[in-house]
Amino acid sequence: MQQQRHHQQSHFSASGPTTPFGSTAVAPTASSEAKRGKRRGSYNCGRCGQPKKGHSCHLPAADESFVADVPSSSDLSVPPLPPRKPYSHLRRALSFDDDVDSSGWGGGGGGDFDSPDPDSDEIDDLVVDSESGTGLCGLPASCLWDILKRLPPPELLSAAMVCKGWRETTRRLWKAAEMLRIRVPARAQVGLVGSVLQKCPGLVNLSLRMESDVDATLLAWITFSCPNLEFLEITTSETAINRITGDELGRFVADRRLLKSLKMEGCSNLGGFALSSSSLSTIWLSGLHSLSKMVFNCPNLKEISVDFSSHENDNTDLVTMVDALGRNCPRLQNIHIASIQLSNAVVLALTAAQLRGLRMLSLVLGSDITDASVAAIASSYPNLELLDLSGSSITDSGIGMICNVFPDTLSRLLVALCPNISASFIQFATAQLPLLELLDCGMTICDPNSLDSTSEETTGFELAQTSNAKVHLSYQKLIIKHGRLKKLSLWGCSGLDALYLNCPELKDLNLNSCKNLYPERLVLQCPNVENVHASGCQELFIGAIQSQVNNNFAGVDSLLPCKRLADGSKRVRVPHFLSAQSSDDDKKRRRVERPKCNVLVF
């Protein structure tokens with residue numbers, strides 16, 4: 001029996017026992033043997049396997065080279081891993097949305113995790129082993145990293161509960177994130193946001209879509225968890241309420257030494273604020289109402305957007321605000337103000353500020369803005385690239401001044417909801433502004449026989465503008481020929497009955513609610529157009545649009561190869577069967593077409 005037991009012991013390999021997965025287990029180290037006490041030597045012969053007692057082995061001794069290649073179990077140990085290198089500071093993206101559209105938010109609660117790969121040296125030194133708890137059996141760390149980084153954050157949280165190795169990898173993925181996008185549902189607590197933010201200490205860009213109420217607790221979590229934050233955006237749904245006050249926002253901005261961009265919606269409870277920061281370059285605040293004070297002490301501020309509610313009882317002093325902007329923010333380049341309180345006095349205060357770097361000016365919904373404001377803007381800021389006076393009371397004279405002052409700089413002109421402008425001066429503007437790429441003339445050419453709303457987007461303010469405006473006595477036609485125009489919006493222009501467009505670079509055309517345009521009076525010579533919006537138009541007109549935009553290449557020259565006569569006197573077109581080129585090449589040449597245009601009707 002003793003001999004049989006010794007014989008069974010001899011079947012174990014010198015490299016150690018095997019695991020159920022087929023891999024070889026690592027032999028215990030010297031430190032682990034010391035803890036279990038001293039082990040006795042083998043009772044069997046190392047050459048023939050027979051018991052050593054009273055035994056004289058007849059096999060020759062092994063040479064030294066063979067012994068060196070097969071070390072004993074006491075010599076086996078796991079080599080220590082080299083120190084890990086820090087992650088590269090590349091842009092990382094972390095999103096909680098299934099489908100992120102152009103507006104910035106999708107409709108789901110999933111998302112994509114995009115993180116750069118770790119350094120190659122670091123990956124080569126890592127081997128993931130299921131027995132040791134560092135990941136999947138035999139899977140390299142680079143593969144595990146690539147797999148986990150493609151999971152949405154909710155699934156990434158679940159993956160962290162698989163094993164120790166996965167938990168460590170997910171922890172590093174969270175730590176490597178620099179951009180985080182979260183949609184917080186209505187039933188969620190602010191503590192959920194805080195628990196996620198704590199996982200991302202290196203966060204630089206944070207975007208929050210809040211469907212629950214917002215208060216100062218959220219700002220406290222951001223301050224505690226994101227010391228390196230530079231970009232912050234907080235958007236709210238229609239049901240969410242932003243309860244952050246002006247004093248709380250001012251303290252938050254003052255504490256964030258690295259903050260460069262602040263965008264926040266639903267700021268109806270601010271009351272009044274004073275923002276002081278030497279790092280802020282962009283500020284967007286919307287939903288403002290009846291502010292007692294509004295001070296921006298930001299010497300490096302380059303872009304500001306303040307959007308006030310459309311309530312008539314808003315008593316914010318815009319003249320004082322604009323005057324302070326000129327003194328405290330001398331580097332401003334882009335200004336957007338949307339308020340029904342805008343007037344000529346506000347524009348004069350803005351022109352007196354002498355902001356030399358101003359390039360984009362947007363003054364929206366100011367029904368008291370007239371041609372006098374256009375003259376002041378033209379004299380003070382002749383280098384504007386964008387001018388938005390939508391909702392103002394400017395006339396054809398104001399359009400003429402714009403064309404005379406900005407022919408070499410202006411590329412975007414928006415004069416929607418300005419019913420005192422005629423189609424002839426819109427046509428004049430396109431002829432006098434050669435750099436124009438975007439033109440918005442929505443609701444400018446109204447139906448002379450009806451003052452009703454022409455689209456679902458029309459508000460009470462727009463109806464008031466239309467009723468007080470000078471309407472033209474007959475339908476008008478519009479002819480536009482422009483070589484650089486890319487976007488043209490004529491939504492709600494029910495006073496148009498004829499449209500002729502020759503714009504080879506046009507990509508997007510908005511004809512929503514142009515209900516009086518007829519198919520026989522429509523000519524679209526726009527070979528590169530991609531989207532045409534035609535909601536609220538006649539069915540025959542929609543069919544004419546589809547026919548014209550999808551058959552624009554009917555008149556394109558044939559792609560037959562050319563050849564000179566023997567004397568070299570004349571070029572003639574050679575039929576394909578006489579051409580020296582292969583038929584496959586000709587098919588490839590004839591296959592060059594532009595993608596089909598989308599006619600969008602909702």
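The values are calculated or read from the model by the stated rules, or taken from the named source; none is laboratory data. On a predicted model such as this, the values are computed, not experimentally measured, just so you know. Cβ placement follows ideal geometry from the backbone for every residue including glycine, while neighbour counts extend to all protein chains displayed. These accessible areas exclude ligands, DNA and RNA; they are computed on the full protein's heavy atoms, side chains included. Shrake-Rupley method; radii C 1.70, N 1.55, O 1.52, S 1.80 Å.
Here are a few things to note about the model shown:
- Cross-chain or 6+ apart pairs with Cβ under 9 Å, region 264-292 first and closer than 16 Å to Glu230 by Cα and open to solvent by 30 Å² or more (accessible area, probe 1.4 Å), then part of a strand (DSSP E or B) and among the charged types (D, E, K, R): Ser281/Glu303; Trp284/Glu233; Trp284/Lys263; Trp284/Glu303; Trp284/Asp307
- Scanning region 482-539 for residues that are in a helix (DSSP H, G or I) and either acidic (Asp, Glu) or open to solvent by less than 20 Å² (accessible area, probe 1.4 Å) (or both) yields Glu520, Glu539.
- Region 400-409 - residue that is among the hydrophobic types (A, V, I, L, M, F, W, C) and in contact with a helix residue (DSSP H, G or I) (Cβ under 7 Å, 6 or more places away or on another chain) and, of those, farthest from Ser380 (Cα to Cα): Cys403
- Residue that is least open to solvent (accessible area, probe 1.4 Å), among those in region 293-305 that are out of contact with any Cys (no Cβ under 9 Å at 6 or more places or on another chain) and among the aliphatic types (A, V, I, L, M): Met294
- Number of residues in region 350-376 that are within 18 Å of Pro407 (Cβ to Cβ) and either part of a helix (DSSP H, G or I) or touching a Ser or Thr at 6+ places or on another chain (Cβ under 8 Å) (or both): the value is 2.
- Lone qualifier among Ser373, Ser424 - being open to solvent by 40 Å² or more (accessible area, probe 1.4 Å) and polar (S, T, N, Q): Ser424
- Whichever residue in region 187-202 is open to solvent by 20 Å² or more (accessible area, probe 1.4 Å) and touching a helix residue (DSSP H, G or I) at 6+ places or on another chain (Cβ under 6 Å) and, among such residues, is farthest from Arg171 (Cα to Cα): Val190
- Residues being part of a helix (DSSP H, G or I), open to solvent by less than 10 Å² (accessible area, probe 1.4 Å) and out of contact with any helix residue (DSSP H, G or I) (no Cβ under 6 Å at 6 or more places or on another chain) - total across region 377-399: 1
- When Leu417, Leu488 are checked against the criterion of being under 35 Å from the mean Cα position of the chain (by Cα) and at pLDDT 95 or above, Leu488 stands alone in meeting it.
- Some residue of region 320-332 being open to solvent by 10 Å² or more (accessible area, probe 1.4 Å), within 19 Å of Ala416 (Cα to Cα), touching a Ser or Thr at 6+ places or on another chain (Cβ under 9 Å) and not in a helix (DSSP H, G or I): no
- Applying the set (1) more than 30 Å from Leu355 (Cα to Cα); (2) part of a helix (DSSP H, G or I); (3) out of contact with any strand residue (DSSP E or B) (no Cβ under 8 Å at 6 or more places or on another chain); (4) not polar (S, T, N, Q) to Leu218 leaves exactly one unmet item: (3).
- When Leu280, Leu291 are screened for being part of a loop (DSSP other than H, G, I, E, B), within 28 Å of the chain's Cα centre (by Cα) and closer than 27 Å to Leu387 by Cβ, only Leu280 passes.
- Meets criteria (modelled with pLDDT under 95 and assigned to a loop (DSSP other than H, G, I, E, B)) for Leu410: no
- The one condition from (1) under 29 Å from Arg257 (Cβ atoms); (2) modelled with pLDDT of 80 or more; (3) not in a helix (DSSP H, G or I) that Met161 does not meet is (1).
- Members of region 338-352 found to be touching an Asp or Glu at 6+ places or on another chain (Cβ under 8 Å) and under 23 Å from Arg412 (Cα atoms), listed by number: Ala338, Ser339, Ile340, Leu342, Ser343, Asn344
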